[in-house]
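The numbers here are math on the coordinates, done by the rules we state, and not lab data. Everything quoted here is computed from the prediction, not taken from an experiment. Virtual Cβ from ideal backbone geometry, glycine too; neighbours counted across all protein chains shown.
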Amino acid sequence: MIKINDIRISTIGIVIPLLLVGLTVGGLGATALLLARLHTVRAAGNLRQMQDGLEMLESILTGASVLYAALLCSLLAFFVWFSRVRLLAPLGDLHRAMVALAGGDDQTGIPRTAQQDEIGAMARTLEVFKRHAQDLKGVAVLKANREQETRMRREIAALADALQGEVTGTVAEVVHHTNQLLEATHTLREASGEMRGAVSAGVSVSLQAGDNVDAVAAATEELAATSREIAAQMARTISITQQAVAEADLVGSHVAGLTRASENIAGILGLISNIASQTNLLALNATIEAARAGEAGKGFAVVAHEVKGLAQSTADAVLRVGQEVENSRAVTGEAVASITGITATIRAINEIAASVAAAIEQQQAATQEISVNAQQASGRTGSARQSIQHLDGEMDGVDDVTRRVEGAAQVGRETLEEMVRRLDFIIRDSAAARRAAGRAADAREAVVLSLDGQRHQGVVEELSMERALLRLNGGQAVAAGRSGALELPQVGLIPVETGAGSGGALPLLLRPDEETAAVLGEYLQGAGVLDRRFVQAAQDGARQVAALFETALQRGEISLEALFDEDYQPIPGTDPQQHTTRFLALTDRLLPAVQEAMLEVDSRVAFAATVDRNGYLPTHNRQYSQPQGSDPAWNAAHCRNRRIFKDRTGQAAAHSTAPQLVQTYLRDMGDGTIIVMKDISAPIMVAGRHWGGFRIGYRLQE
């Protein structure tokens, strides 16, 4: 027996219209019968027959009305019952279930699924919707998790790049300083060894010096005594020389008297010689007169002759005496000269002796001072000898500390090198690094294919941005044209549509949204896909700047030499240091329009700037080109134009001539805040020469 609850609504929908049609047909029949009866009564013309006919008509109308009303009421009651019980109540139940599902309650029960009518079909369809909602919720959660994981992986990849930069930069610098420390400790150790040798030599020297100082002290004491004796002898010598000077003066006075006596004798001899000459002249006259007197004058002539002979003998004697006197005078003159020389010499000796005596007195005082100092030096040398011996002992400790410092520096360098090696291995072996290095299209990644709430395990054999070739585990067959989701590790959920497969391979058409496509592109080709528009912007900026420079050269606004000027002139009073060049005025005029426009490429762009090949940034964005103040920290953040940047990232961007250079680095924003940044740069070529680079820096997150 068929239950009324199992009667399909469509059947009821057919029966009720049929009943209505039946009632309508019955009503039309009754109306036609009534009209025929009225026609009969009118044709009868008899009042009695008319009355009987009307009564019959009344009975027919009453019965028909009652029947019709009963049928209508029954039909209405059935309709009301059917609407409330079979339509409204089930629909209400389904509505509440749908509201619960719409509210996210995927655990609510679906009523009426056992009914075999349309309500049951709707309930079963809603059950399927519920399962799909559960699947979709799981898919959404999984997708959100995968997206979060993807973002985290991108950040980890960026951090890996930044860490690698820090490893090659900061850690390498630490290794460099450690090497310098090793060299310094090695030098210190050598110096310590040399110092120790010097100290050891100093010990022996100090011992020898102590002995020498003691000997000097004794010698100076003897020298002081000798100086005193010499002073006494010099005093006696001065007394003797003074006496000799007096005696010489006395002899000189006697010799002077003798000289005067000789001069007097010479005068007397001259007088005698004159007398002899006069006598000789008189004798000659007498002889002449005697000759005139003849014989009488012979006696007188004899006397005259004798007188003449006596005068001649006197003259001869005077001559001889004169000669002797002259000889005596010569000898006396020589004696006077000798005595004068002796006197002068004795006086000089006396003066020298006096000077020597004075010098000896000074020497005696100096010798006494030297003796005192020698005694003090002897004591101090003993103290110095003890200090040097103590220093010799301390040098053992210094040598030991130097060896330990050198050993620690060596261990530190080896540890840093090992850390660099391990970090480099970890970075290169990480999934982020593998993605950054690119991935082959036939990666054979294990995946899950979700179709109608069912999960199929498999392996991706081929993968591209539009298609994938999937081989399901166990050789499962899947019909073509079904929609689902491919769960790919490190990418997330990708909407797919199955194609017609063969040989156990299932082709899939990928329908990723924009964000998933970006992640998939990153997965397939590396992080460069996500950086593509920033790379393109940097290259566009480099081309625009190069074109502006070329035009300025053609118009004669600047010379090629001035454009490539490297004579950076410091601006006095700037901190951090700023510089000017001959092309600064040109860049201030031409670059802002290009650089400011690049800030609009993406909201994450932090700066867009042009640097020359040495890292000099002449003209920056307006927000980083404020006039410098008194605070160097504020200046470093807001006055970044006209500066030469020597950091690893800036120098790499300045020197690179590759079509593009992508770098990840950690940027210090001040107040202890550090964010991960990406730096995209492209070279600027002017007149066939590398002028510099155009840089765009952007944050990984908003």
Label model pair E550, A562: point-to-point distance (7 angstrom along the Cα→beta-carbon line) in nm is 2.1
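At a Förster distance of 60 Å, what's the computed FRET efficiency of A69 paired with Q457, Cβ-Cβ distance as r, to 0.05?
After rounding, the FRET efficiency stands at 0.30.
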Quickly work out the A114-to-H95 label distance, labels modelled 7 Å from Cα along the C-beta direction, and quote it in nm with one decimal. 2.5
Pairwise FRET efficiency - A518 versus Q651, Cβ, R0 = 22 Å, nearest 0.05: 0.10
Let a ≥ b ≥ c be the square roots of the eigenvalues of the Cα gyration tensor of the range 442-524; is it rounded (a/c under 1.5), or, if not, prolate (a/b larger than b/c) or oblate? prolate
Highest mean first, how do 678-691, 580-593 rank when packing is the count of other Cβ atoms within 10 Å averaged over residues? 678-691, 580-593
Cβ-derived FRET efficiency at R0 56 Å, S630 paired with A408, nearest 0.05: 0.85
Mean Cβ neighbour count within 10 Å, used as a protection proxy, ranking 446-452, 560-566 highest first: 446-452, 560-566
Residues other than G615 with Cβ under 11 Å of its Cβ, Lys/Arg counted +1 and Asp/Glu -1, net out at +3
